[in-house]
Ligand code: HEM
């Protein structure tokens, strides 16, 4: 089943040549010009459209990258081998485990954009995501109800993983897995276990070639294939259910039942491509949102005054909308700004990567065609030239006047930007709206959490937070 798709192996990129961060000193440079160049092909192979233009040659870019052996030595000395998976793995999390490119990708992507990104479909997502958000609320209420102190203290990473998986599956398949209940149906549990196994077995494949693992019949490979088989079987079952419901007229074709159903009814993509795209979205849509929400809860717990301002905004929006959640969503700018601010400080993908299609000049250096160029969005988010007092969590900065051009790159940019961006934004906005209306989020004073890479940018220790009802006097 997997043979049709090409695994993206970021290992090749990370080991090419390892750093360069030119031009940070140039105050006139625009935000998008912050680049790290990793992997290059010989420039003489490509005709130059910049013939006669003046700029410094590529090999004069400052850095230790030119001599591969020195580079390798520095890489080793700086703990690179220990961290090599961290450099590679972010790509997986950004792009999902199945990575396609070229014309086949572009054609599919145009169809998928209409289903996932276009403003026309967003209103369809709201009830599906809202349902899950409300169930999460009930789960918190239940946990608090079980505690004599009327509070729930926990590391919420796993809870948020379940919330995100439940949300994305409802959007994609139009079915609930029941992950937010204490009892999970064994069939669904098999699917959930397969998703976890798929994530778990993908990491080693980012630095050991999958072909080799397959050749030696390794357990990692076998588990990985087994996991994908369960995931694809689940997609098959969902497809059959949708066809059956439609043929038995149990559901109207007009009723929105998620992206899978919509793609099947349009009949513009081959069914195998639909399955691949759906599973790709599922893989890209779990850790990304759950981790961003975990950081959002952490930042809000550390900033009770900002949390209170958000609560005021949400309560006012709810009061004015008389229960219409679409109206609430239109009246919570600070909540939306909070998500932008969280992604500035804690971007899931620390860089955005592109291959140059032709030779170009970047910050007065010639960059050959087919060079892998990375925009360092994590570094950019911490730079005082683009964000005043960058170390401060300040969602209001996104509402103040002034250009935000190229400042918000957490979801990437252009035709290859995150396909799940609108889904993720809605999912996280609804989560914050529900949670902040009902609960205060608190953190232990003095506990600072740093970041580390492991697949994505992660907290360097578990984040323990406490949830209490807003009317609690403590
Ligand atoms: C906080 C949540 C999320 C963040 C920060 C995020 C971030 C990103 C980034 C930075 C990229 C690469 C964009 C580029 O190169 O320009 C990406 C790609 C992608 N994301 Fe997300 N993402 C999130 C949620 C989601 C969700 C919920 C889904 C599923 C619906 C998803 C599916 C994808 C897919 C399929 C791609 C590859 C698109 C392609 O190459 O055609 N993401 N994401």
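The values are calculated or read from the model by the stated rules, or taken from the named source; none is laboratory data. Worth saying up front: this structure is predicted, and the values here are computed from it rather than measured. Reconstructed Cβ throughout: ideal geometry from the backbone, glycine too, with neighbour counts over all protein chains shown.
Against the definition (in contact with a strand residue (DSSP E or B) (Cβ under 8 Å, 6 or more places away or on another chain), away from the ligand (no atom under 13 Å from the Cβ) and either modelled with pLDDT of 90 or more or assigned to a helix (DSSP H, G or I) (or both)), how does residue 87 come out, yes or no? Walk me through how you get there before you give the answer.
Details: in contact with a strand residue (DSSP E or B) (Cβ under 8 Å, 6 or more places away or on another chain): yes; away from the ligand (no atom under 13 Å from the Cβ): yes; either modelled with pLDDT of 90 or more or assigned to a helix (DSSP H, G or I) (or both): yes.
Here the answer is yes, as residue 87 does meet what is asked.
Restricting the stretch 311-356 to residues that are assigned to a loop (DSSP other than H, G, I, E, B) and within 16 Å of the ligand (Cβ to nearest atom), the residue that is farthest from residue 119 (Cα to Cα) is 356. Does at least one position in the stretch 106-113 carry a residue that is over 19 Å from residue 424 (Cα atoms) and more than 16 Å from the ligand (Cβ to nearest atom)? No, because not a single residue in the stretch 106-113 is over 19 Å from residue 424 (Cα atoms) and more than 16 Å from the ligand (Cβ to nearest atom).
Looking at the stretch 146-161, which of the residues that are farther than 15 Å from residue 298 by Cβ and away from the ligand (no atom under 15 Å from the Cβ) is surrounded by the most Cβ atoms within 10 Å (Cβ to Cβ)? Can you show your working first?
The initial filter retains those residues of the stretch 146-161 that are farther than 15 Å from residue 298 by Cβ, namely 146-152, 158, 161.
From the residues that got through so far, the ones that are away from the ligand (no atom under 15 Å from the Cβ) too are 146-152, 158.
Numbers: 146: 9, 147: 11, 148: 5, 149: 11, 150: 15, 151: 17, 152: 21, 158: 10.
Going through the qualifying residues, I end up with 152.
If you go through the stretch 391-429 and keep only what is without any contact (Cβ under 8 Å) to a residue 24 or more places away in the chain and farther than 30 Å from residue 281 by Cα, you end up with 391, 392, 400, 401, 402, 403.
In the condition set (1) modelled with pLDDT under 95; (2) under 24 Å from residue 235 (Cβ atoms); (3) crowded, with 17+ Cβ neighbours inside 10 Å, residue 111 is compliant with all but (3).
Each row is one residue, and each column tells you yes or no for (1) under 22 Å from residue 125 (Cβ atoms); (2) more than 28 Å from the chain's Cα centre (by Cα).
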{"site": "210", "(1), (2)": "no, no"}
{"site": "218", "(1), (2)": "no, yes"}
{"site": "222", "(1), (2)": "no, no"}
{"site": "226", "(1), (2)": "no, no"}
{"site": "232", "(1), (2)": "no, no"}
{"site": "238", "(1), (2)": "yes, no"}
{"site": "249", "(1), (2)": "no, yes"}
{"site": "262", "(1), (2)": "yes, no"}
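For the subset of the stretch 258-294 comprising residues that are assigned to a loop (DSSP other than H, G, I, E, B) and away from the ligand (no atom under 16 Å from the Cβ), which member is farthest from residue 105 (Cα to Cα)? Quick ask: steps written out before the conclusion?
As a first pass, look at the stretch 258-294 and keep what is assigned to a loop (DSSP other than H, G, I, E, B): 258, 267-270, 285-286.
Among the residues that remain, those that are also away from the ligand (no atom under 16 Å from the Cβ) are: 267-268, 270.
Values: 267: 17, 268: 14, 270: 13 Å.
Applying the filter and picking the extreme gives 267.
Given (1) buried (at least 17 other Cβ atoms within 10 Å of the Cβ); (2) without any contact (Cβ under 8 Å) to a residue 40 or more places away in the chain; (3) in contact with a helix residue (DSSP H, G or I) (Cβ under 9 Å, 6 or more places away or on another chain), where does residue 356 come up short, assuming only one miss? Condition (3) is where residue 356 drops out. Any chance the stretch 445-463 includes a residue that's in contact with a strand residue (DSSP E or B) (Cβ under 9 Å, 6 or more places away or on another chain), within 12 Å of the ligand (Cβ to nearest atom), on the phi < 0 side of the Ramachandran plot and assigned to a strand (DSSP E or B)? Checked the stretch 445-463: at least one residue is in contact with a strand residue (DSSP E or B) (Cβ under 9 Å, 6 or more places away or on another chain), within 12 Å of the ligand (Cβ to nearest atom), on the phi < 0 side of the Ramachandran plot and assigned to a strand (DSSP E or B).
I need the full set of residues from the stretch 434-444 which are outside any loop (DSSP other than H, G, I, E, B) and in contact with a strand residue (DSSP E or B) (Cβ under 9 Å, 6 or more places away or on another chain), in order please. Give the derivation first.
Looking only at the stretch 434-444, we keep the residues that are outside any loop (DSSP other than H, G, I, E, B), and these are 434-443.
435, 438, 439, 440, 441, 442, 443 - these are the residues of the stretch 434-444 that are outside any loop (DSSP other than H, G, I, E, B) and in contact with a strand residue (DSSP E or B) (Cβ under 9 Å, 6 or more places away or on another chain).
Being touching a helix residue (DSSP H, G or I) at 6+ places or on another chain (Cβ under 6 Å), outside any loop (DSSP other than H, G, I, E, B), within 16 Å of the ligand (Cβ to nearest atom) and at pLDDT 95 or above is a property that residue 431 has.
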